[in-house]
Amino acid sequence: MTNSNWEFEHSEAIFIIGSNTTEAHPVIGAVVERGRQAGATLIVADPRQTEMARRADIHLQHIPGTDVALLNAMMHVIVTEELQNREFIAERTEGYAELAGLVAKEYSPERAEQITGVPAGQIAAAARAFAKAGRGAILYSMGITQHTTGVDNVRSIANLAMITGNIGRYGTGVNPLRGQSNVQGACDMAALPGNLPGYQLVADAAHRAKFENAWGVELSTRPGMTLTEMINAAADGGIKAMYIMGENPMISDPDLNHVEEALRSLDFLVVQDIFLTETARLADVVLPAAAYAEKDGTFTNTERRVQLLRRAVPAPGESRADWQIIGDLSARLGHPLSYRGPAEIMDEIAGLTPIYGGVSHERLASGAGLQWPCPDRTHPGTPFLHRERFSRGRGQFAAISYRPAAEQTDGEYPVILTTGRILYHFHTGTMTRRVAGLHATVPEGYIEINDRDAAEMGLASGDKVRLTSRRGSLVTVARVLPTVLRGVAFMPFHFAEGAANVLTNAAFDPVAKIPELKVCAVRIEPVAAAGAPAVADAGQTQGGGVR
Amino acid sequence: MADQLRLTVDGRDVLVPAGATILGAAEAAGVEIPTLCHHPLLKPSGACRMCLVEVEGARGLLTACSTPASGGMIVRTRTDQVVAARRTVLELLVSEHPLDCLTCESTGDCRLQDYAYEYSVTGRDVAGLPNTPAADGRQAKLDDSNPFLVRDLNKCILCGRCVRICHEVMGYGAIDFVSRGATTKVTTAFDVPLEESPCVFCGNCLTICPTGALQAKTGRGLGRSFQYDRVRTICTFCGVGCSLDLHVRDGRIIGASAAEGPANRGLVCVKGHFGHDWIQSPDRLTTPLIRAGDGTFRRATWDEALDLVASRLAEIKAAHGPDAIGGLASAKCTNEENYLFQRMMRAAIGTNNVDHCARL
Ligand code: SF4
Ligand code: SF4
Ligand code: SF4
Ligand code: FES
């Protein structure tokens, strides 16, 4: 996020799009609630009437995959009603004229209503409320990024923030809420194909040289593959071996039947995890790892704050912390990585990574954390970014046209399926489904279906339904609700039986390579026979340890 | 400085911003005033009257938590009159409170108990108020039908902190004061169990309850605050980065509580508060496993497993080049581990094929 969690308490307008904040980031949901009660206008764009949408002053209930049209129409209103922040645009940005021309000409709220299903008047009201607020913050999450147009969506959000001058000040900003506890840190540390730690570039010779010196090896200049590309390459035979640490792509990735086929065709698969996950069951070697409560180290949260984790209990049996396992393995591969502990590893990171330059476990011990960029040992950290200038100089507007989602509904697959998280579970359920209380609260997967659609299909809550997409099919339980948009169905992805990702589309954004988990076309049919098991089929393995 | 106020608290000079309360001024002066209903995240309510102080020139005692400080004020927090008034407040509360501290989960972590001790209040000193909570018509059944929270309203002192945090911070408003005749209690609409209310089991009400009226269901009977260690760490369940204290007794995690951190300011959600059983699950992997010829897994030593991984990766690299190997690091592992993982992939194996599920 450009800004910090608690700044939203003092925002005057909060625009949430593609984030079910109270469920996926509950404590930020509470901060937003405090902002709302203090008088901020809350605008929520979501195909479902989530708790946050229910609390909102304006709920834009748009069809999944139409975010760019919605955002462009808001900017159309801002431009034509002259609500833009002229001073900010003139001093801090470039490319405004092209964007303004595009949205003014092609994205009237009336046209956007045709695309998004949101009444034009509501779009205009939201645009005015956001543009007129002194401090406006935009919050978004995977509902924006998990699309074939994910990058377009994000750039459109940046356009809206810049056109209203809501960047570089307290209580404003472009704020992606990061899903997993250390997804920010994993990116910062360059668990990414094109980067070296701290967003230095594999493609940049000077950046490479610095790491080559420090590590004493020559680094490859060949660009690496993203997760989705690796899975495809595994299926095609380009990738022969994979080493998977603490990930469960057999639940989290799109088009699971394809993922399984890909992992099975590897010559060698190593999985390092805390449980024998669906992915680990396919491995040749499984390495037992310590859980977060069993090790020291740091996580970087969504507001770029590096914070200290402490070992509370010993790891069970012979399991070991991931850093110890990697160290030993790397030594066997001829590149020893031995450290007294995570604090020493952080010192190495700080020495090579300018944005982490001032981070050390010693400084973090106070509990305040440090928000990067934190370039040196005396730097207090950075609560919000882009205060005086953007890292690239001027902020670049991008004129972006709406493109439909990769997969459209048709007669055979008439319903849009969108997937997401729920409050009581985390990611692939590996952990939370082993918590008795959480499991008891939401023991199994389900699908939310609009009440009028359900009436037409003759469905009631609790009925078993079969969902079929162009990739797979599964049986789950219907929850009939008025809060989902007509023609749309929602399914949480945490559950291994009836895993939503059997259905989803792996088509991905051409730049960010993020799969379109938020939109695919499905058919919903009642399952007549009583007692049909709620399990996936079409090639999904259930639990067996045997290939 | 127009927007600063100068006043004296217990003889100490202090400068505070305009709008500060007497309580805030006392804090700034390093003087502690006891409070029960006050909480920094919540609007002042002045409900418990525990924070009474004497202000020169004012008629009667004032509640420090809800009275604004003003320039030149002379505040005294420890006079005989103040102490006597606080003692009366406590006598009334304790006289209605079950004195089963022996078995109460909150013993050692209870403001009412701490203040009763500090002010030597037994609850037997108020004429006509024997310590018989059952007699006052509030004798209530435990609400423990949900998996997370136990409500024992017999221990409730009606400070209203839980109600206010649920309304003012969480925005669910699952609980409220309900009056029937002379008695008031804190409960859900229509007095239904919590799980039938809009409650989302964040347990933030439990965190700020000053008594044992709200308790976590999970750690009950496993140890009280003076029996376990608190280990400060960061929640693993989402990117908010809430600070948590894990409660550790005899090498086992018996519970968790919200901690005051810059990202969460003492708040958590249901997962961070109650979602830690899995750490000690019997399903945890405890040894390396190697797939045997018949397709099943067999246990292996670390040396055996790591030797096998290293030799197979080396073979594949020799036969197909380093880019035939791909690595997935993890958004659930630490920075240090992700750093080492990508260093191993890049420096030891020689490929940039490293990613994680940032996008999922
Ligand atoms: S657990 Fe959370 S939602 Fe439930 S009553 Fe307490 S504060 Fe309200
Ligand atoms: S339950 Fe606890 S927090 Fe709520 S009013 Fe009673 S004593 Fe106060
Ligand atoms: S307690 Fe809840 S909101 Fe806080 S980090 Fe954990 S999962 Fe996220
Ligand atoms: S703390 Fe001031 S009245 Fe309760």
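Here are the numbers for the structure shown:
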quantity	calculated
Pairs where the first residue, in the stretch B:198-211, is within 13 Å of B:Val169 (Cα to Cα) and modelled with pLDDT of 95 or more and the second is more than 15 Å from ligand 3 (Cβ to nearest atom) and among the basic types (Lys, Arg), C-beta under 7 Å, 6+ apart	B:Ile208/B:Arg161
In the stretch A:393-408, the residues that are under 29 Å from A:Arg523 (Cα atoms) and either open to solvent by less than 40 Å² (accessible area, probe 1.4 Å) or not in a loop (DSSP other than H, G, I, E, B) (or both)	A:Ala405, A:Glu407
Criterion: in contact with a Phe, Trp or Tyr (Cβ under 8 Å, 6 or more places away or on another chain) and over 22 Å from B:Leu99 (Cα atoms) - qualifying residue of B:Phe190, B:Phe201	B:Phe201
Evaluation of A:Thr148 against (1) touching a strand residue (DSSP E or B) at 6+ places or on another chain (Cβ under 7 Å); (2) under 19 Å from A:Ile43 (Cα atoms) (one fails), failing number	(2)
Residue in the stretch B:85-100 that is surrounded by 20 or more Cβ atoms within 10 Å (Cβ to Cβ), modelled with pLDDT under 95 and assigned to a loop (DSSP other than H, G, I, E, B) present	yes
Failed condition for A:Ser338, given (1) open to solvent by 10 Å² or more (accessible area, probe 1.4 Å); (2) within 30 Å of A:Gly367 (Cα to Cα); (3) at pLDDT 95 or above	(3)
Subset of the stretch B:245-294 [more than 16 Å from ligand 3 (Cβ to nearest atom), assigned to a loop (DSSP other than H, G, I, E, B) and open to solvent by 10 Å² or more (accessible area, probe 1.4 Å)]	B:Asp250, B:Gly251, B:Ser281, B:Pro282, B:Asp283, B:Arg284, B:Leu285, B:Thr286, B:Thr287, B:Ala292, B:Gly293, B:Asp294
Residue check for B:Pro210: assigned by TED's automatic domain parsing to the domain that holds B:Phe274 and open to solvent by less than 10 Å² (accessible area, probe 1.4 Å)	yes
Filtered residue count, the stretch B:190-230, keeping only those that are within 16 Å of ligand 2 (Cβ to nearest atom) and either more than 14 Å from every other protein chain (Cβ to nearest Cβ) or touching a helix residue (DSSP H, G or I) at 6+ places or on another chain (Cβ under 9 Å) (or both)	20
Residue ID - farthest from the other protein chains (Cβ to nearest Cβ), chosen from residues in the stretch A:8-21 that are in a helix (DSSP H, G or I) and open to solvent by 10 Å² or more (accessible area, probe 1.4 Å)	A:His10
Whichever residue in the stretch B:168-182 is on the phi < 0 side of the Ramachandran plot and within 16 Å of ligand 3 (Cβ to nearest atom) and, among such residues, is most open to solvent (accessible area, probe 1.4 Å)	B:Tyr172
Filter result (of a type in the set (Asp, Glu) and either within 23 Å of B:Leu5 (Cα to Cα) or touching a residue at least 24 places away in the same chain (Cβ under 8 Å) (or both)) within the stretch B:75-106	B:Glu91, B:Glu96, B:Glu105
Hey, B:Leu42 within 16 Å of ligand 1 (Cβ to nearest atom), open to solvent by less than 30 Å² (accessible area, probe 1.4 Å), at pLDDT 95 or above and in contact with a Lys or Arg (Cβ under 8 Å, 6 or more places away or on another chain) or not	yes
Number of the exception - A:Ile138 against (1) in a helix (DSSP H, G or I); (2) touching a Gly at 6+ places or on another chain (Cβ under 8 Å); (3) modelled with pLDDT of 95 or more	(1)
Residue in the stretch A:300-328 that is farthest from the other protein chains (Cβ to nearest Cβ), counting only those that are buried (at least 24 other Cβ atoms within 10 Å of the Cβ) and assigned to a helix (DSSP H, G or I)	A:Ile325
Any strands (runs of 3 or more DSSP E) falling wholly within the stretch A:442-506 and containing at least 1 residues that are acidic (Asp, Glu) and open to solvent by 10 Å² or more (accessible area, probe 1.4 Å)	A:447-450
Filter result for the condition that a residue is surrounded by fewer than 16 Cβ atoms within 10 Å (Cβ to Cβ), aliphatic (A, V, I, L, M) and over 22 Å from the mean Cα position of the chain (by Cα), over A:Ala38, A:Ala56	A:Ala38
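Table: residues versus (1) within 14 Å of ligand 1 (Cβ to nearest atom); (2) β-branched (Val, Ile, Thr).
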residue	(1), (2)
B:Lys141	no, no
B:Met170	yes, no
B:Gly173	yes, no
B:Thr188	yes, yes
B:Glu195	yes, no
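Okay, residues lined up against (1) under 30 Å from A:Arg208 (Cα atoms); (2) in contact (Cβ under 8 Å) with a residue 24 or more places away in the chain; (3) of a type outside the set (Ser, Thr, Tyr); (4) within 7 Å of chain A (Cβ to nearest Cβ):
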site: B:Gly272; (1), (2), (3), (4): no, yes, yes, no
site: B:Ala305; (1), (2), (3), (4): no, no, yes, yes
site: B:Glu315; (1), (2), (3), (4): yes, no, yes, no
site: B:Ala319; (1), (2), (3), (4): yes, no, yes, no
site: B:Leu328; (1), (2), (3), (4): yes, yes, yes, yes
site: B:Ala347; (1), (2), (3), (4): yes, no, yes, yes
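The values are calculated or read from the model by the stated rules, or taken from the named source; none is laboratory data. Everything numeric here is computed off the predicted structure, so don't read it as measured data. Quick reminder, even Gly has a Cβ in these numbers, built from the backbone with ideal geometry, and neighbours come from all protein chains shown. Calculation scope for accessible area: heavy atoms of the full protein, side chains included, ligands and nucleic acids excluded. Shrake-Rupley method; radii C 1.70, N 1.55, O 1.52, S 1.80 Å.
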